[in-house]
Structures are given as structure tokens and as C-alpha cells.
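S.K.: Following this message is one structure expressed as C-alpha cells.
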Amino acid sequence: MLRCTRCGKTYPETFRLSCDCGGTLLVEREHYDFFGSLMPYLDTRRYIQFLPVSGNLLPPPVPAITPVVELEVETVRALFKLEYLQPSGSFKDRGTFVTVAKLMEEGINEVVLDSSGNAALSMALYSLPAGIRVHIFVPSRAMPGKLSLIQRLGAVVHFTEGDRMEAHRRAVEFAEREGLTYVSHWLNPYFLEGTKLVAFEVYEQVEVPDYVLTPTGSGTLLLGLWKGFKELVKMGEIERLPVLVAVQASGYESLCERSSSKNRLADGIAIPEPPRLEEMKTALKETNGLCVSVTESETMEAWEWLKDIGFLVEPTSAVVLSALWKLVETGEIPDGSKVLLPLTGSGLKLTEGI
């Protein structure tokens, strides 16, 4: 069922973004299957019984189980999870996969989405073989390489003046005016069902890390990890949650104190007004977590370091490394800690016309 995070009202598991009271929704189960009864696949289908879809209508391609590379960084065990190796080049593929499967089950064949790039590219990729027409609203300053790919996948791109939040407002207006389904990954409870699978994968690969650092704008990865690890606790698989660290771009913070200087390099998390803010605060509180803000110059330094190591990622991915350096230096992450750092987006999409 779907449950409102504000008033607690429940709904059937149909495609819905919000409660009648305006609150956000989460998928909730009365009981959870034994985690050991997994499907014999090495991709997202491995966890299909933990997802709110029938499994009869699944879009190709299927998201991968991404590898984890362990390196010693400063004085900790840094576990880099290579999310940028997904089919569309970002962690968003799992959430899109579940969303498109739900849309297929309900016979919805035209949708509206707003995105700075990665969510749009993911939606365009998975919707194409599913026969779903996608309208995507993007800020006019979105990265040309991503936009080129989105258009080549057949999505209808609507450019908007202004920032990321203006693209969101325009998309909502268009969907209401045209009578189309709005599938915002910010609000979509089924998207979080996809991102929670990162926690399942991590548990199978390296057990429970001590800390998890995530780039945090709308919070879909942070909340997915929180939800996934909580479900593992409910199944009796694990006894504790990792400490969640929300890493935000300076000038666009929603959890940290707002900075005066703007980090435009980390454009994927330039979301100062996320609709699931209260849930993000709850996730940090429940895990004794914290928020770290990263500047543009700090992002650039970390991005160059990752490139030199051999990780070809987009700048937004690099904020987690910068945050790790800060927290190790201040002693907030102790020596010897096991720290998960998802590398969320591919750097191959940065070149125009790729």
C-alpha cells in the first residue's frame, strides 16, 4: 500500500504522487519476505519480490548490480559503488525501471518529467522500448551532451528559462493542462522503491558500511538507501543502520545552512526546495546522520582526483569524496571506518554530441 508521510492515510498501489492532504507517499508492506529467497539473476530482477510490481511487464534494459571498488582514502576504507555504469549512466535507472514497469501495468503511455539531465535521460531510455511518449522539461543551461542523448532517444524536450525549480513548475503546469501523467522522481514513491535496491546490493557485497555519503538534492538516493536498510532491519537481516551523510552543493542547501556562494559545478543536486525535505531530516535523525556542504572548488578538486584514479564521473558524483576528506580531517569519521561512496553519474555525458 501507499502511506502518506504527513497524515498517515493509505492508498492502493496505483500510480499516484501525493496524498489528498498534499503529503508525500511511501510504499509500505505489512510484512517483508525473507531476504535469502532471492531470484537467480545478477541484475535488478534478483530483488523483484521486494518491489511493488507484478514482474510480468518489465522494460528492457534491466539495471545492473553495480560493482564496488575498495580503496584506502586517507585513513578509512572507501567503498566506491560504480553507479555510473548503469545503462543510462546514472543511479537513477533502478527508480526509472520500477516506475516504467508500474506505468506499463496501468497502461499509461504518455508522461511528463522535469530534470536537469540524468533522470530525463534514464526515463527516455526505459520509456522508448516500453512505447511511452515522454515530455521532458529542462533548464536551458542543462548540459548539451545529456540533451543530445535525450533527444536522440525520442523524448520531446521543453526548454525553460530560469533554474531547476522553474523547470519543475512548468512541467506540473503542462501536465495539468494537457491531462497527462506527471512522473516526478522527486515525488514518485515507486522511484524510491528502485533506489532502495542500492542498499540491498551493498549488503550482499560488503555487508553494512559504517557511513554512507550521498549527493543530496531531491534526496532520492539518500531516502532510497534509508528505506532499503530499514527494510533489511525489519527482515532481521541486519541489526543497525549506517550513518547517512547528506552531501549538498553550496548555495543550494536544504539540510545544511544555506551558503552565499553557489556550486554550479554540481548541477545534479542544485535543488534548494526538495518536496521530501521532512523525510530527509527524519532519515538523518534516525541514523545519527549529518549534512555536509561542498563548494565548487572543492568539487573540482575531488573530481580531478577521481579522474586520476580512473573513475570517469560527472562533477556531482565528486562531492562525496570532498565531504569524506572534510569529515576525516575533523575526526567526524574515525580511522578505519568502512565508508560507502556512490559514484552517481557518468562523465561520458559531458561532451556535446557524444
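S.K.: Given the stretch 24-81 reduced to its alpha-carbon atoms as identical point scatterers, what log10 I(q)/I(0) does the Debye formula return at q = 0.19, 0.30 Å⁻¹?
M.R.: -0.87, -1.24
S.K.: Can you divide the C-alpha Rg of the stretch 182-233 by 2.2 N^0.38 Å and report the result to two decimal places?
M.R.: Normalised Cα radius of gyration, the stretch 182-233: 1.13.
S.K.: Another question, if that's okay. Place +1 on the Cβ of every Lys and Arg and -1 on the Cβ of every Asp and Glu in the chain, take the dipole about the Cα centre, and give the residue among ILE309, THR220, PHE80 whose Cα lies farthest towards its positive end.
M.R.: THR220
S.K.: Given the protein chains as shown and a 1.4 Å probe, how many square angstrom of VAL245 are accessible, to the nearest 10?
M.R.: The accessible area comes out at roughly 0 Å².
S.K.: Using a ≥ b ≥ c from the Cα gyration tensor of the stretch 179-276 (square roots of the eigenvalues), is it rounded, prolate or oblate, where a/c under 1.5 gives rounded and otherwise the larger of a/b and b/c decides, a/b for prolate?
M.R.: Taking the square roots of the gyration eigenvalues as a ≥ b ≥ c, the stretch 179-276 is oblate.
S.K.: Considering only protein heavy atoms, what is the solvent-accessible area of LYS262 at a probe of 1.4 Å, reported in Å² to the nearest 10?
M.R.: Around 100 Å² of this residue is reachable by solvent.
S.K.: Per residue, how large is the accessible surface of the stretch 238-289? Use a 1.4 angstrom probe and give square angstrom.
M.R.: I get 45 Å² per residue for the stretch 238-289.
S.K.: What is the packing order of peptides 312-320, 326-334, taking the mean over residues of other C-beta atoms within 10 Å and listing the highest first?
M.R.: Listed from highest to lowest mean packing, they are 312-320, 326-334.
S.K.: Additional query: When all protein chains stay in place, what accessible area (Å², nearest 10, 1.4 Å probe) is found for THR96?
M.R.: 0
S.K.: Sticking with this structure for a sec: Could you check how much of the accessible area of the chain is carbon and sulfur, as a whole percent, using a 1.4 Å probe? Could the numbers behind the result be given before it?
M.R.: Values: 6720 of 13720 Å².
For the chain, the apolar C and S fraction of the accessible surface comes to 49 percent.
S.K.: Can you tell which of HIS135, HIS185, HIS158 shows the greatest fluctuation in a Gaussian network model of the chain with Cα springs below 10 Å?
M.R.: Looking only at HIS135, HIS185, HIS158, the largest GNM fluctuation is found for HIS158.
S.K.: Moving on to the next point. Can you sort TYR11, TYR32 by solvent-accessible area, 1.4 Å probe, largest first? Please report the intermediate quantities before stating the final value.
M.R.: Details: TYR11 25, TYR32 50 Å².
In descending accessible area the options line up as TYR32, TYR11.
S.K.: Further question: Shape verdict for the stretch 47-119, please, from the Cα gyration tensor: rounded (a/c under 1.5), prolate (a/b greater than b/c) or oblate. Let's see the in-between values first.
M.R.: Numbers: a/c = 3.33, a/b = 1.97, b/c = 1.69.
Because a/c hits 1.5 or more and a/b exceeds b/c, the stretch 47-119 counts as prolate.
S.K.: May I have the extent of the alpha carbons of the stretch 107-162 along their three principal axes, as whole Å values ordered from largest to smallest?
M.R.: 34, 18, 14
S.K.: While we're here: In debye, nearest 20: dipole of the chain around its Cα centre with unit charges on the Cβ of K, R (+) and D, E (-)?
M.R.: 700
S.K.: Against the 2.2 N^0.38 Å scaling, with N counting residues, where does the stretch 213-350 land? I'd like the Cα-based Rg ratio to two decimal places.
M.R.: Compactness ratio reported: 1.02.
S.K.: May I ask you to evaluate 6.51 cos²θ - 1.76 cosθ + 1.60, the Karplus curve with θ = phi - 60°, for each residue of the stretch 139-156 and list the ³J(HN,Hα) values in order in whole Hz, giving x for glycine and proline?
M.R.: Those phi angles translate into x, 4, 8, 4, 4, x, x, 5, 5, 4, 5, 4, 5, 5, 8, x, 6, 8 Hz.
S.K.: Okay, moving on. Could you list the square roots of 5 times each eigenvalue of the Cα gyration tensor of the stretch 125-228, that is, the equivalent ellipsoid semi-axes, sorted largest first and rounded to whole Å?
M.R.: 29, 16, 15
S.K.: Tell me, what is the per residue accessible area of the stretch 146-218 in Å², probe radius 1.4 Å?
M.R.: Counting only protein heavy atoms, the per-residue value for the stretch 146-218 is 35 Å².
S.K.: Go through the stretch 32-48 residue by residue and turn each phi into a ³J(HN,Hα) via Karplus (6.51, -1.76, 1.60, θ = phi - 60°); whole Hz please, and just put x for glycine and proline.
M.R.: Values per residue, Gly and Pro as x: 10, 5, 5, 5, x, 8, 9, 6, x, 10, 10, 8, 4, 4, 4, 10, 4 Hz.
S.K.: Once you sort the root eigenvalues of the Cα gyration tensor of the chain as a ≥ b ≥ c, which label holds: rounded (a/c under 1.5), prolate (a/b larger than b/c) or oblate (the other case)?
M.R.: Here the chain falls in the rounded category.
S.K.: Another question, if that's okay. Pick out, from ALA142, VAL172, PHE191, the residue whose Cα sits farthest towards the positive end of the charge dipole of the chain, with +1 on the Cβ of Lys and Arg and -1 on the Cβ of Asp and Glu.
M.R.: VAL172
The values are calculated or read from the model by the stated rules, or taken from the named source; none is laboratory data. Every value quoted in this text rests on a predicted model; they were computed, and no experiment measured them. Please note: Cβ atoms are built from the backbone with ideal geometry, for glycine as well, and neighbour counts cover all protein chains shown. For accessibility, only protein heavy atoms count, side chains too; no ligands or nucleic acids. Shrake-Rupley method; radii C 1.70, N 1.55, O 1.52, S 1.80 Å.
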